[in-house]
Amino acid sequence: MERRLISSGSKFEKEIGYSRAVVDGDWVFVSGTTGFDYTSMTIADGLAEQTDQCLRNIQAALAQAGATLADVVRAVYVLPKADEFPECWPVLQRYFGEVRPAVMMIAAGLSDPRMRIEIEVTARIGSGARLQK
């Protein structure tokens, strides 16, 4: 089985020593991903905007791995303020409403006070094509 590393080009990957995603066989493990736009290293102030950017960053990593958001089977959301979680629900619904992965939300501090959410996902390549409701 081949293990392949996916990079977003974020300076954090090299500084900290991790990959945006790791592909191992049919499985794709996407690291905790924040709302930074990695091309400009900027981050929006709003939680909904950050959530949207997180998911666009995740989509890009999954695409490099040969997967899509439809292949996501597990997601973990980390927010510093649990009471703000409902603010990002419309964005999560837009991306995962049909996919409905198993999820967990944790309230915990993040490494940069500008970060309002971090999202980690696990996907299985091709599983979205077999989606049953």
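Each Cα pair under 8 Å and six or more residues apart adds its sequence gap; the mean of these over the residue count of the range 3-127 is a relative contact order of 32 percent. Anisotropy class assigned to the range 62-133 is prolate, per the alpha carbon gyration tensor with a/c at or over the 1.5 cut-off and a/b larger than b/c. Classify the range 29-80 from the C-alpha gyration tensor, please: rounded if a/c falls under 1.5, else prolate or oblate depending on whether a/b exceeds b/c. Oblate, since a/c reaches 1.5 and b/c is not below a/b. Our summary of shape: the Cα atoms of the chain have principal axis extents of 39, 38, 23 Å, ordered from largest down, in whole angstrom. For the chain, adding -39500 (n - 2.57) for each run of n ≥ 4 DSSP H residues and dividing by the number of residues yields -7500 deg cm²/dmol at 222 nm.
For the range 28-94, applying the loop criterion from DSSP together with a ceiling of 14 other beta carbons within 10 Å to the trypsin sites (Lys or Arg not before Pro) yields Lys81.
Taking every DSSP bridge with both residues inside the chain, close to 80 percent are antiparallel.
A DSSP coil position with no more than 15 other Cβ atoms inside 10 Å describes the following GluC sites (Glu not before Pro) in the range 1-61: Glu2. Spacing of the modelled spin labels on Ala63 and Arg94, each 7 Å from Cα toward Cβ, amounts to 1.6 nm.
When the Cα gyration tensor is reduced to axis lengths a ≥ b ≥ c, the ratio a/c is 1.5 or higher for the range 74-116, and with a/b above b/c it is classed as prolate.
Taken together, the values in this text are just the output of simple stated rules run on the coordinates, not laboratory data. All values derive from a computational prediction rather than experimental measurement. Because the Cβ atoms are built from the backbone with ideal geometry, glycine has one as well, and the counts that use them run over all protein chains shown.
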